[in-house]
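The values are calculated or read from the model by the stated rules, or taken from the named source; none is laboratory data. If you're wondering where the values come from, they're calculated on a predicted model, not measured in any experiment. Counting neighbours? That spans all protein chains shown, and the Cβs are built from the backbone with ideal geometry, glycine included.
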């Protein structure tokens, strides 16, 4: 529900994460349980027959704040070592993040890029429609677009 959405830093705090750079960080580690938590823009989430994915870090990505880019890389590497992470969906500046809405994901490295992957276990079986998931993510992408 949109009324439960918070600014990104507040959503991280609700998950037990204190961000190093509250205005710039997109990832952190929960002090409660040590889980790596990564925020992802819903507009960047890709949905296909293999589940969902989102590019988390690439050398060529534009990043306004250099230290937070390095922090994101460090958290991606830590998530890979641990085998799992938690993802928060950021619907954009005006829409925010619902801290109770998270996904369990894996971080993988492909050609120097770090990607979040999730949902393959829940993908539709052969013959079933995958339209719902695609429509839901399309709605989320549209909701994240400015005005």
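Restricting attention to the stretch 14-38, the residues being more than 14 Å from the chain's Cα centre (by Cα) and without any contact (Cβ under 8 Å) to a residue 60 or more places away in the chain number 14.
Would you be able to say whether some residue in the stretch 6-16 is touching a strand residue (DSSP E or B) at 6+ places or on another chain (Cβ under 9 Å), within 20 Å of residue 79 (Cα to Cα) and loosely packed, with under 14 Cβ neighbours inside 10 Å? Checking the stretch 6-16: not a single residue is touching a strand residue (DSSP E or B) at 6+ places or on another chain (Cβ under 9 Å), within 20 Å of residue 79 (Cα to Cα) and loosely packed, with under 14 Cβ neighbours inside 10 Å. Considering the stretch 40-64, the residues that are touching a helix residue (DSSP H, G or I) at 6+ places or on another chain (Cβ under 6 Å) and in a strand (DSSP E or B) include one that is surrounded by the most Cβ atoms within 10 Å (Cβ to Cβ), namely 56.
The residue list 79, 133 contains one member that is modelled with pLDDT under 60, closer than 18 Å to residue 40 by Cα and outside any loop (DSSP other than H, G, I, E, B), which is 133. Find the residue count for the stretch 82-105, including only residues that are surrounded by 15 or more Cβ atoms within 10 Å (Cβ to Cβ) and assigned to a loop (DSSP other than H, G, I, E, B). Adding up the residues that qualify gives 4. Is it true that residue 29 is assigned to a loop (DSSP other than H, G, I, E, B) and farther than 16 Å from residue 89 by Cβ? No. Would you call residue 113 more than 19 Å from residue 29 (Cβ to Cβ) and either in contact with a strand residue (DSSP E or B) (Cβ under 8 Å, 6 or more places away or on another chain) or surrounded by 16 or more Cβ atoms within 10 Å (Cβ to Cβ) (or both)? Yes: the conditions hold for residue 113. Looking across the stretch 82-104, the residues that are touching a strand residue (DSSP E or B) at 6+ places or on another chain (Cβ under 9 Å), at pLDDT below 95 and within 12 Å of residue 15 (Cβ to Cβ) come down to 97, 98, 99, 101, 102.
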